[in-house]
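Novice: Please see the structure below; I have some questions.
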Amino acid sequence: MLELRLVQGSLLKKVLESIRELVNDANFDCSSTGFSLQAMDSSHVALVALLLRSEGFEHYRCDRNMSMGINLNNMSKMLRCAGNDDIVTIKADDGSDTVTFMFESPTQDKISDFEMKLMDIDSEHLGIPEAEYHAIVRMPSAEFARICKDLSSIGDTVVISVTKEGVKFSTKGDIGTANIVCRQNTSVDKPEEATVVEMNEPVSLTFALRYMNSFTKATPLSNTVTISLSNELPVVVEYKIAEMGYVRFYLAPKIEEDEEETKPQA
Amino acid sequence: MPMKKYYRQRKKAANNRSSKSKKKSKISRVPCQAEYDPEEEILRKFDMDMAYGPCVGVTRLERWERAQKMGLNPPQEIERILKSDKDIKVQQQCLWNKKIGDNYKIIEYYMAA
């Protein structure tokens with residue numbers, strides 16, 4: 001039997017909004033550690049990994065590991081019926097083929113419940129080890145979202161380069177080119193407004209902007225976004241969920257125009 | 001230089017559906033192909049059918065046309081699917097291809113568990 005109760009139900013609403021455009025159907029995996037998901041988009045270029053740790057829930061019961069196959073758009077429709085201040089409870093019985101969402105208003109005078117059929121989804125989980133990245137950029141999430149949106153009005157791809165000077169986002173298109181440089185800036189009023197650039201090695205990678213613009217749907221989850229880059233690895237765009245976990249997006253780079261038809265080099 | 005496998009395989013996480021539950025759910029779950037539609041399934045079978053030669057290094061259409069020229073009679077259906085432009089999910093590259101269009105696939109970096 002699975003029963004999870006989250007007082008800050010809006011977190012779950014925001015989580016679904018952040019992933020439903022990228023992935024249609026996915027398995028939510030529940031274990032004693034927490035509630036998680038790992039899924040690729042249909043093109044297999046991007047991957048999303050979600051973790052909500054059990055400690056972050058007000059009540060967390062998961063008798064045995066289970067995977068629930070869910071259509072994310074449908075789950076999002078149900079969650080949109082919850083008020084932003086509602087307490088959300090997720091329930092599923094072992095062996096059952098449905099999951100129930102219950103929303104309680106903070107004053108307990110309105111209670112809604114929604115039942116949804118589960119699906120059988122065959123998904124492969126990828127092993128993603130911890131890695132040392134060549135460069136890690138931490139910046140305000142709204143600023144990163146704005147940069148991706150602005151650049152996509154000019155080009156389809158963004159080159160992200162990190163040097164000692166900072167991080168540069170570049171694009172080019174029919175109308176011209178654009179470069180946006182963000183320098184390290186820690187002398188700000190609030191820590192979440194800081195831009196921190198950690199560089200072990202200079203890095204330059206090209207990515208499709210349309211995926212970045214899907215990732216930035218997670219902006220409401222966190223004031224800051226962490227972008228981890230390595231020359232031979234997918235970029236990791238992470239939005240931390242306070243006290244609970246994270247949503248991480250992984251994006252494989254584009255092939256450079258003059259690159260040979262070979263695999264990514266070590 | 002051969003493709004370097006960067007990451008080791010991960011142990012498969014336990015799945016409750018295969019565990020010993022006493023009662024099977026009476027209502028069957030809705031089956032779903034999360035990642036690709038029936039036409040992609042047909043194209044993958046074509047990729048794997050060795051009668052038409054290796055699939056790596058050529059697009060599916062090139063391979064179909066090659067098979068046609070060699071008198072191997074590849075199914076007309078394959079050509080029809082590949083030339084139809086209604087479904088953006090139809091992949092022109094074979095299933096082993098590490099790229100989709102000009103983008104690498106994420107699965108080229110991380111091994112399946």
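Novice: Would you calculate the convex hull of the Cα atoms in the range A:149-195 and tell me its volume per residue in Å³? The partial results should precede the final answer.
Specialist: Values: hull volume 3.9 nm³, N = 47.
Spelled out: Cα convex hull of the range A:149-195, divided by residues, is 83 Å³.
Novice: Tell me the GluC sites (Glu not before Pro) within the range A:56-134 that lie in a loop according to DSSP and have at most 11 other beta-carbon atoms within 10 Å. Numbers along the way, then the final one.
Specialist: Values: sites: A:Glu58, A:Glu104, A:Glu115, A:Glu124, A:Glu130, A:Glu132; in loops: A:Glu58, A:Glu124, A:Glu130, A:Glu132.
Sites meeting the loop and neighbour criteria: A:Glu58, A:Glu130, A:Glu132.
Novice: Here is a follow-up. Can you give the direction-averaged projected area of the convex hull of the alpha-carbon atoms in the range A:153-266, in nm²?
Specialist: Working: hull surface 35.1 nm².
Here the figure is 8.8 nm², rounded to one decimal.
Novice: Got a number for the accessible area of A:Asp109? Probe 1.4 Å, square angstrom, nearest 10.
Specialist: Accessible area of A:Asp109: about 120 Å².
Novice: Between A:Glu21 and A:Glu132, what's the calculated FRET efficiency when r is the beta-carbon distance and R0 is 30 Å? Round to 0.05.
Specialist: Working: r = 31 Å, r/R0 = 1.03.
Efficiency, rounded to the nearest 0.05: 0.45.
Novice: Would you mind working out the magnitude of the charge dipole of the range A:87-198 relative to its Cα centre, with +1 at each Lys and Arg C-beta and -1 at each Asp and Glu C-beta, to the nearest 20 Debye? Could the numbers behind the result be given before it?
Specialist: Values: 11 positive and 21 negative charges, 176 e Å.
Result for the range A:87-198 is approximately 840 debye, rounded to the nearest 20.
Novice: Divide, for the range A:206-253, the radius of gyration over alpha carbons by 2.2 N^0.38 Å, where N is the residue count.
Specialist: On the way: Rg = 10.9 Å, N = 48, 2.2 N^0.38 = 9.6 Å.
Taking the Cα Rg and dividing by 2.2 N^0.38 Å, one obtains 1.14.
Novice: Please work out how much length the chain gains when fully extended from A:Ser31 to A:Glu243, using 0.36 nm per residue of separation minus the C-alpha to C-alpha distance, in nm with one decimal.
Specialist: Values: separation 212, 0.36 × 212 = 76.32 nm, distance 1.80 nm.
Taking A:Ser31 through A:Glu243 to full extension adds about 74.5 nm, to one decimal.
Novice: For the range A:11-153, with all protein chains present and a 1.4 Å probe, just round the carbon and sulfur fraction of the accessible area to a whole percent.
Specialist: On the way: 2600 of 5980 Å².
Answer for the range A:11-153 is 43 percent, counting heavy atoms of protein chains only.
Novice: Across peptide A:114-127, how many C-beta atoms of other chains are within 10 Å of each residue C-beta, on average? Write out the running numbers ahead of the final one.
Specialist: Details: counts 0, 0, 0, 3, 4, 5, 8, 7, 5, 3, 6, 6, 10, 9.
Neighbouring Cβ atoms belonging to other protein chains average 5 per residue here.
Novice: Can you give me the distance in nm between label points at B:Leu72 and A:Glu115, each placed 7 Å from the Cα along the Cα-to-Cβ direction?
Specialist: Inter-label distance under the simple model: 5.3 nm.
Novice: Between A:Met1 and A:Asn213, what FRET efficiency follows from the Cβ-Cβ distance if R0 is 45 Å, with the result rounded to 0.05?
Specialist: Numbers: r = 39 Å, r/R0 = 0.87.
Using R0 = 45 Å, I get an efficiency of 0.70.
Novice: Also, I was wondering about something else. Give the separation of the Cα centroids, the range A:214-238 to the range A:36-89, in Å.
Specialist: Their Cα centres are 19 Å away from one another.
Novice: Moving on. Expressed in nm to one decimal, what extension gain is obtained for the pair A:Asn73 and A:Glu58 from 0.36 nm per residue of sequence separation less their Cα-Cα distance?
Specialist: Values: separation 15, 0.36 × 15 = 5.40 nm, distance 2.56 nm.
Full-extension gain reported as 2.8 nm.
Novice: Right, here's the next one. Positive end of the dipole of chain A, charges at C-beta (+1 Lys, Arg; -1 Asp, Glu), about the Cα centre: which of A:Leu50, A:Leu233, A:Met119 has its Cα farthest in that direction?
Specialist: A:Leu50
Novice: Order B:Arg63, B:Arg44, A:Arg138, most accessible first, counting only protein heavy atoms with a 1.4 angstrom probe. Mind showing how you got there, number by number?
Specialist: Numbers: B:Arg63 5, B:Arg44 55, A:Arg138 90 Å².
Listed by decreasing accessible area, they come as A:Arg138, B:Arg44, B:Arg63.
Novice: What does the range A:119-188 give for Rg and for Dmax, in Å, if only its C-alpha atoms count?
Specialist: 16.5, 51
Novice: Give the value in nm², to one decimal: projected area of the alpha carbon convex hull of chain A, averaged over all directions. Don't skip to the end; give the middle numbers.
Specialist: On the way: hull surface 64.3 nm².
Result: 16.1 nm².
The values are calculated or read from the model by the stated rules, or taken from the named source; none is laboratory data. Being a predicted model, the structure only gives us computed values, none of them experimental. As a convention, Cβ positions derive from the backbone with ideal geometry for all residues, glycine included, and neighbour counts pool all protein chains shown. The protein model used for the area step is the full one, side chains on, heavy atoms only, and it has no ligands, DNA or RNA in it. Shrake-Rupley method; radii C 1.70, N 1.55, O 1.52, S 1.80 Å.
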